[in-house]
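What follows is a single structure, written as structure tokens, with notes after it.
The values are calculated or read from the model by the stated rules, or taken from the named source; none is laboratory data. It should be emphasised that the depicted structure is a prediction, and the values quoted were computed from it without experimental measurement. Every residue, glycine as well, gets a Cβ built from its backbone with ideal geometry; the counts of neighbours run over all protein chains shown. All accessible areas refer to the heavy atoms of the entire protein, side chains included, with ligands and DNA or RNA removed. Shrake-Rupley method; radii C 1.70, N 1.55, O 1.52, S 1.80 Å.
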Amino acid sequence: MTEVLGTPRAGARTVLLTGAAGGVGTFLRASLPGYGYELRLFDKAPIPDEPEAVTADLADAEALAAAMAGVDAVVHLAGISLEAPFPDILTANIEGTYRLYEAARAAGVRRVVYASSNHAVGYTERPADGAIVGVDVPHRPDTYYGLAKCFGEDLAALYADKHGISTVSLRIGSCFAEPRTVRMLSTWLSPADCGRLVHASIGAELSGHHAVFGISANTRGWWDLEPGRRLLGYEPLDDAEVYAEKLLAEHGELASDDPESRYLGGAFTTF
Ligand code: NAI
Ligand code: 15L
């Protein structure tokens, strides 16, 4: 039985979830129905036990248009989720996100929640004075992957200004069942907080394009979560610190000049 976690804002019930077969998509398939959403699933990979899921590539305009018809909002996760050769990023992440927005515009969808990434600003250095990093830092991609997320955020701004599609771009840290590295003690977004953040982003009363950081309430976090609180009412409840003892026993603390500690994007700056 689905646990009731909240309710959608009026008029935001049917949600197209792209990338639904992936890691974050799997977390959201579990959590979003608890907030009252009806999900339409889209991924180029088949999803076991989901006979109604649309199995198609973002490049398939007909399938994308059919999946988009009648939805109230889109949560766009589909794409390559790591560094890859530029031609692959160009097709899946840059052209794919353009196609997604074009389909949303044609269908009259008014809200997109876009899975951006910390790697859009990955070369941002940790402030020496212990200050936190604001969401208004300039784009500093650390990879072609991060560059495509910068494009996605700017595309979202264009479609907001020109076509009135409001977008919340989530600069997600590390969304996994548990933090896997010492860096992730700072960057972790728990699956439950991911559900809270996406629910808040679908329903927030706003126009235009807004970027927020997507991490949990991590003791070691160094990114500003206030814009997410203020704009969306996103209140993270988890903290990666409960995994600190185990991870530090295995790996030890990071040196301050280790890219995993020094840069927001960690080791992506070294690829
Ligand atoms: P994932 O790699 O597990 O899932 C991505 C899904 O997109 C896959 O199921 C794949 O089949 C699908 N996909 C890829 N190209 C496609 C295309 N051309 N057409 C249709 N489907 C396509 O990635 P994950 O971890 O679930 O991430 C989801 C989104 O969140 C991605 O956009 C990723 O860049 C972003 N993100 C994830 C973070 C994380 O920690 N998991 C951190 C920051 C951003
Ligand atoms: C991302 O953007 C990736 O999709 C994910 O696999 C993680 O590597 C994450 O960033 C991270 O920075 O930990």
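Specify the residue with the greatest mean-square fluctuation among Ala56, Ala12, Ala66, computed from a Gaussian network of the chain linking alpha-carbon atoms under 10 Å apart.
It is Ala66.
Roughly how big is region 1-59's charge dipole about its Cα centre, with Cβ charges of +1 (Lys, Arg) and -1 (Asp, Glu), in debye to the nearest 20?
For this selection, approximately 240 debye.
So for the pair Glu50, Arg110, with labels modelled 7 Å out along Cα→Cβ, what separation do we get in nm?
With each label point 7 Å from Cα toward Cβ, the separation is 2.6 nm.
Using 0.36 nm times the number of residues separating Arg13 and Ala66, minus their current alpha carbon distance, what extension gain do you get?
The span from Arg13 to Ala66 would gain 17.3 nm if fully extended.
Please give the per residue accessible area of the chain, computed with a probe of 1.4 Å over protein heavy atoms only, in Å².
45
Could you tell me which of Met184, Leu64, Tyr144 has its Cα farthest along the dipole of region 14-270 towards the positive end, charges placed at Cβ (Lys, Arg +1; Asp, Glu -1), taken about the Cα centre?
Most positive-ward Cα: Leu64.
For the chain, set up a GNM with springs between Cα atoms under 10 Å and report which of Asp193, Asp154, Asp258 has the largest fluctuation.
Looking only at Asp193, Asp154, Asp258, the biggest GNM fluctuation is shown by Asp258.
How much solvent-accessible surface does Phe151 expose, in Å² to the nearest 10, with a 1.4 Å probe and all protein chains in place?
Rounded to the nearest 10, that gives 70 Å².
In the neighborhood of Thr26, defined by Cβ-to-Cβ distances under 12 Å, what is the net charge if each Lys or Arg adds +1 and each Asp or Glu adds -1?
Numbers: positive: Arg29; negative: Asp43, Asp49, Glu50.
Around Thr26, the surrounding residues sum to -2.
Please work out the FRET efficiency for the pair Thr270 and Val242, using the Cβ-Cβ distance as r and a Förster radius of 45 Å; give the result to the nearest 0.05.
0.95
Hey, in the GNM for the chain with a 10 angstrom Cα cutoff, which one of Pro179, Pro127, Pro191 fluctuates hardest?
Pro127
How many nm is it between the label spots at Glu3 and Glu38, if each spot is 7 Å from the Cα in line with the beta carbon?
In this crude label model, Glu3 to Glu38 measures out at 2.5 nm.
Give me the percent of accessible area attributable to carbon and sulfur for the chain, probe 1.4 angstrom.
The nonpolar share, carbon plus sulfur, comes to 53 percent.
Can you list the lysines whose alpha carbon sits under 21 Å from that of Lys149, skipping same-chain ones fewer than 8 residues off?
Lys44, Lys162
Quick check for me: using +1 on Lys/Arg Cβ and -1 on Asp/Glu Cβ, what's the dipole size of the chain about its Cα centre, in debye to the nearest 20? Can you show the working numbers first?
Working: 22 positive and 36 negative charges, 132 e Å.
Its charge dipole is roughly 640 debye.
Taking the full set of protein chains and a 1.4 angstrom probe, give the accessible area of Lys44 in square angstrom, rounded to the nearest 10.
We get 150 Å² for Lys44.
How far is helix 144-163 tilted, in degrees, relative to the longest principal axis of the Cα atoms in the chain, given as a value from 0 to 90 rounded to the nearest 10?
Once rounded, one gets 50 degrees.
Can you work out the FRET efficiency for the pair Asp154 and Ser207, with r the C-beta to C-beta distance and R0 = 22 Å, to the nearest 0.05?
0.80
Given contacts defined as C-alpha pairs under 8 Å and at least six residues apart, what's the relative contact order of region 14-270, whole-number percent?
On the way: 536 pairs, mean separation 46.4, N = 257.
Relative contact order here is 18 percent.
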